[in-house]
Amino acid sequence: MDPLAVLPVFLPLAGRKVVLAGGGEPAAWKAELLLATGAELHLLASDPCPDLADLIADPALAPRIRHSARDWTPADLDGAALAVAEVAEEAEAAAFVAAARAAGVPVNVIDRPEHCQFQFGGIVNRSPLVVGISTDGAAPVLGQAVRQRIETLLPRSLSAWAGFAGRIRGHVAAALGQIRQRRQFWQRFSDLAFAATAAPSGEVEADAPAFVARLAAGTTTVGEVTLVGAGPGDAGLLTLAAMRALQAADVILFDDLVSAEVLELARREAKRLLVGKRGGRESCAQGDINDMMVSLARQGRKVVRLKSGDPMVFGRAGEEIARLEAEGIPVHVVPGITAASAMAARLKVSLTHRDHAQTLRLMTAHSRSGGLPGTLDLDAVSSEAATTVFYMGRRMADSLRTRLLAEGVRPDLPVVVHANVSRPDERIWTGTMADLTSETMAGFGDAPVLIGLGSVFGRLLSANLADEQPAEQRPLQLSGAVCA
């Protein structure tokens, strides 16, 4: 085994005496942490800070906090499991350490590592599952980053499953006599706990022996499908819930627009199946995708249907949910950042700026027949108090311009076209309604685009006219031409 800088040891403190000397904010944080363990806290603080005062005044904590408004004495340390101090002077720190050692009590002086016999590391709390993190003081910020990364991987429901595991250990030992059988059971249990989106049901809790028997026989793994929004492309915009779903998946059915960076975050063992869904290209029929989800779920698989953007925005999620529910298959939805929101963030344009727009419309420019949908309320787009974002409009520029101008949209209405939103190869064009043509779109190749219409985008046009800096000095060049 490689050398260890420190030994991670987990110490039960419920009902045990812990001494905390000091009244500042650092002491308050330690007090909250120690109280969370169920310890009996002996607090020695002549002038506690507001956060400590709140803890002292909390009726729920009153039985476990013994506050003395005075300085500590060596006698206070008798019988303590731990001693912690927040002190300002070196001499007082040395005296506290000497008294603790004389009493045989492990000691920690806050922010004085040379006086500490133990450390408070980073914690990920899914109690009774607790993860401790330490860099031995070498890189505290790195330790925080590691903690944050682990937080994203461990669902909150894992706490309930860990507690449930403790309650059924006796049933498992009684039902499964061989070590190999018990190990296999707990491996299945762990897979189930990580894949679950909620705590064990009341039915499971009420009949633990039956649950153990079913899981031991391998019959409790019920397949399910989760529709997950992958966001517009930048993996950094993926939600924590989406990451957890990807980490728990057995099979991922992903659309053509899902970025490779997002797929990299999935569980390595998960099978990845491209199911297309791209306008103007060969792709899987929706019925075939529905059949695949049903078939895989019936095999007991955890299926993720991974869609670009948000699955509930122009993603045909309604059809998929209806089919799965009709088949009795559990289905969940994890929302994602839709491309219109990412575009607004990238351009720093509020789509509902109170001075320009009181209405926001998200519209599709692509119908089943391949043209503009006949039911589009294009008359509403002409409102001066509206912002409209068209999805799937790359091949519809000429039709959109002609129809909208005919509906009374003013020719100088600001327009933005944004391709590959949030990705390294994103491209942006700004102009007016009269400028929007198929030639404009030709510069984007086959990239997915959004077309934004409305006076909220006027700021971008004004910036272009006023900005005379060389293009290489501009953080984002926006003009009546395609710009990388």
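Quick query: amide H of Val449 versus all other amide H atoms, modeled in the peptide plane; which residues come in under 5 Å with a sequence gap of 5 or more or a different chain?
Met392, Gly393, Arg394
Relative to the compact-globule scaling 2.2 N^0.38 Å, provide the ratio for the alpha-carbon radius of gyration of segment 156-218.
Dividing the Cα radius of gyration by 2.2 N^0.38 Å gives 1.03.
Amide H neighbours of His67 under 5 Å, at least 5 residues apart or on other chains, H built in the peptide plane: list them.
Correct list: Leu43.
Which listed residue (Val334, Val172, Phe254) has the Cα farthest towards the positive end of the charge dipole for the chain, taking +1 on Lys and Arg C-beta and -1 on Asp and Glu C-beta about the Cα centre?
Val172
Let me know the charge dipole size of the chain about its Cα centre in debye, to the nearest 20, where only the beta-carbon of Lys, Arg (+1) and Asp, Glu (-1) is charged.
About 1720 debye.
Which order do peptides 87-100, 299-312, 136-149 fall in by mean Cβ count within 10 Å, highest first?
Going by the mean number of other Cβ atoms within 10 Å, highest first, we get 299-312, 87-100, 136-149.
To make sure I understand the rule: partners must be lysines, Cα under 26 Å from the Cα of Lys348, and not fewer than 8 residues away in the same chain. Which ones qualify?
In chain and number order, the partners are Lys307.
Amide H to amide H, which residues 5 or more places from Thr226 or on other chains are under 5 Å from it, using H placed in the peptide plane?
HN-HN under 5 Å from Thr226: Val303, Val304, Arg305, His332.
Between segment 140-159 and segment 312-353, how many Å separate their Cα centres?
Centre-to-centre distance over Cα atoms comes out at 27 Å.
I'd like the Karplus ³J(HN,Hα) series for segment 415-427: coefficients 6.51, -1.76, 1.60, θ = phi - 60°, whole numbers in Hz, and an x wherever there's a Gly or Pro.
Coupling constants for segment 415-427: 9, 10, 10, 10, 9, 6, 3, 6, 9, x, 9, 5, 9 Hz.
HN-Hα J couplings of segment 189-196 from phi, Karplus 6.51/-1.76/1.60, θ = phi - 60°, integer Hz, Gly and Pro as x?
Those phi angles translate into 4, 5, 4, 5, 5, 6, 7, 5 Hz.
Short version: ³J(HN,Hα) in whole Hz for each residue of segment 382-390, in order, from phi by Karplus 6.51 cos²θ - 1.76 cosθ + 1.60 (θ = phi - 60°), x for Gly and Pro, what are they?
Working through the residues one at a time gives 6, 4, 6, 9, 10, 10, 10, 10, 9 Hz.
Express in nm, to one decimal, how much length is gained between Ala98 and Thr352 on full extension, taking 0.36 nm for each residue of separation and deducting their alpha carbon distance.
85.0 nm
Under unit Cβ charges (Lys, Arg +1; Asp, Glu -1), what dipole magnitude, rounded to 20 debye, does segment 224-337 have relative to its Cα centre?
Details: 15 positive and 16 negative charges, 42 e Å.
It comes to approximately 200 debye.
From the helices alone, meaning DSSP H stretches of at least four residues, give me the mean residue ellipticity at 222 nm for the chain, per-run term -39500 (n - 2.57), in deg cm²/dmol to the nearest 500.
That calculation yields -10000 deg cm²/dmol at 222 nm.
Which whole-number percent gives the relative contact order of segment 224-337, counting Cα pairs below 8 Å spaced six or more residues apart? Don't skip to the answer; put the middle values down first.
On the way: 223 pairs, mean separation 50.1, N = 114.
44 percent.
Please report, in cubic angstrom per residue, the volume enclosed by the convex hull of the alpha-carbon atoms of segment 224-337.
Given the Cα convex hull of segment 224-337, per-residue volume reads 87 Å³.
Which of the peptides 154-167, 3-16, 379-392 is most tightly packed, and how do the rest follow, judged by the mean count of other Cβ atoms within 10 Å per residue?
Put in order of decreasing packing, that is 379-392, 154-167, 3-16.
Mind checking which lysines have their Cα closer than 18 Å to the Cα of Lys17? Skip sequence neighbours fewer than 8 apart in that chain.
Partners found: Lys30.
Determine the distance separating the Cα centre of segment 184-221 from the Cα centre of segment 68-103; give it in Å without decimals.
48
In debye, nearest 20, what is the charge dipole magnitude of segment 156-218 about its Cα centre with +1 on Lys and Arg Cβ and -1 on Asp and Glu Cβ, if you could check?
300
How many percent of all Cα-Cα pairs in segment 340-467 sit more than 20 Å apart?
When all Cα pairs of segment 340-467 are counted, 39 percent exceed 20 Å.
Grab the Cα-Cα distance for Ala285 and Gln181, subtract it from 0.36 nm times how many residues apart they are, and report the gain in nm with one decimal. It would help to have the intermediate numbers written out before the result.
Working: separation 104, 0.36 × 104 = 37.44 nm, distance 4.33 nm.
Here the segment from Ala285 to Gln181 would lengthen by 33.1 nm.
What does the C-alpha gyration tensor say about the overall shape of the chain? Classify as rounded when a/c is under 1.5, otherwise prolate if a/b is larger than b/c, or oblate.
Verdict is oblate for the chain.
All of the numbers you see were taken from the coordinates with simple rules; none came from a lab. All figures in this text were calculated on a predicted structure; none of them were measured in a lab. Glycine also receives a Cβ, built like all others from the backbone with ideal geometry; neighbour counts cover every protein chain displayed.
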